[in-house]
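Below is one structure, written out as structure tokens, with a few remarks after it.
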Amino acid sequence: METKKFDHLIQKYLNGIATVDEESLINQWFGEMEDKNISLSDNEKQIIKRRMAAHLKTRISPFEVSNKTKSNYLDIPLWKVAASISILIVIGMAMYFAIPKYRENFSIVKNENIEDKFVEKNNGAAIRKVILTDNSIVFLQPGSEISYFKSYNKENREVFLVGEAFFEVTKNTKKPFFVYGGNTITKVLGTSFSVKVPSGAQQVEVKVRTGRVSVYEKQESSNAPNSNLVILTPNQKATYILKERRWETGLVEEPFPLTDKASFNYVFDNEEVNVLFKKLQAAYGIEIEIENDNLKSCTFTGDISTLTLFQKLDIVCKSIGATYKVKGTKILVV
């Protein structure tokens with residue numbers, strides 16, 4: 001039903017001149033909408049209630065109508081007025097979720113002055129380096145931007161990201177570093193990691209190079225407990241699926257050694273693969289598990305120093321007649 005027609009029908013309902021069929025239609029529609037179990041925050045509900053009630057008040061206020069019309073409105077049963085207000089509230093809730101453009105009218109915006117923020121944009125074709133006041137470094141990808149309050153590093157360290165960036169965060173245990181983007185929050189004390197939050201995207205991706213990173217879903221209330229949390233360590237990544245409100249964890253595409261390559265010797269001479277895989281596990285911080293016990297006593301001879309982790313695994317597994325697969329954040333040799 002079109003909004004104007006339904007609004008006219010509500011008016012007739014208030015005036016007490018709606019037909020039996022029209023009253024039945026309103027009651028039936030209202031009953032169906034109550035069964036939808038529409039979920040809104042308390043703040044959003046209060047905003048919609050105030051706006052809908054104000055809209056209704058302008059139509060039935062006895063101070064804005066003639067004496068003749070006033071008597072007609074005052075004769076309306078209170079239950080009809082209450083029911084109509086409820087209907088309008090439910091209409092607002094339904095349109096809030098069903099129609100994106102209509103939802104924009106109910107957007108809840110914090111009282112933040114753009115003049116209180118610094119905005120750093122990368123409009124070029126190369127990566128842009130941004131140094132923050134705590135000497136943390138942000139490498140902004142083309143088309144990306146970050147913003148942060150001018151009070152950054154005085155009480156907290158908060159950055160808001162749209163796009164993709166790599167962060168090298170100066171360690172400060174008293175002031176955690178937060179990155180906000182795509183309904184997610186990334187929290188670190190001091191580490192290096194990347195966050196990808198494409199504009200309008202349905203996924204947020206966090207990859208960790210060094211250190212320990214917490215990523216979690218942003219809650220409506222800062223005091224609400226957050227169980228949708230993932231802890232990431234080096235060479236791990238997490239992807240947040242916005243529509244499903246869940247995280248998927250895995251390994252980065254090209255894992256890096258945790259320390260200087262010179263710290264590990266990748267030249268093996270008749271080395272048992274069980275020992276070899278433990279060395280790789282220590283070097284990259286990734287759990288490697290041999291599922292087939294018969295493979296543990298197999299040996300490998302060769303120099304794999306210049307290869308990436310997955311290239312190393314390809315060579316070793318092929319030499320012993322095995323394969324490997326990535327499952328979550330660990331590698332299984334079968």
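The values are calculated or read from the model by the stated rules, or taken from the named source; none is laboratory data. Quick caveat: nothing in here was measured; it's all calculated off a predicted structure. We place every Cβ from the backbone using ideal geometry, glycine too, and count neighbours over all the protein chains shown.
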- Within the bounds of the stretch 223-230, is there any residue that is assigned by TED's automatic domain parsing to the domain that holds Thr191, closer than 22 Å to Ser194 by Cβ and surrounded by 18 or more Cβ atoms within 10 Å (Cβ to Cβ)? yes
- Message: Given the criteria in contact with a strand residue (DSSP E or B) (Cβ under 9 Å, 6 or more places away or on another chain) and farther than 21 Å from Val215 by Cβ, does Gly143 qualify?
- Response: yes
- strands (runs of 3 or more DSSP E) within the stretch 233-332 that include 1 or more residues more than 30 Å from Gly190 (Cα to Cα) and in contact with a helix residue (DSSP H, G or I) (Cβ under 7 Å, 6 or more places away or on another chain): 267-272, 287-290, 299-303, 324-327
- Query: Only one of (1) more than 21 Å from Lys218 (Cβ to Cβ); (2) at pLDDT 95 or above fails for Glu115. Which number is that?
  - Reply: (2)
- Query: Just one of the numbered conditions (1) surrounded by fewer than 18 Cβ atoms within 10 Å (Cβ to Cβ); (2) in contact with a Leu (Cβ under 8 Å, 6 or more places away or on another chain) is not true of Arg246; which one?
  - Reply: (2)
- Message: Condition first: buried (at least 16 other Cβ atoms within 10 Å of the Cβ), within 20 Å of the chain's Cα centre (by Cα), within 26 Å of Asp116 (Cα to Cα) and assigned by TED's automatic domain parsing to the domain that holds Lys243. Can you find one or more residues in the stretch 151-158 that meet it?
- Response: yes
- Query: What tally of residues in the stretch 160-214 results from selecting those that are surrounded by 21 or more Cβ atoms within 10 Å (Cβ to Cβ) and among the basic types (Lys, Arg)?
  - Reply: 2
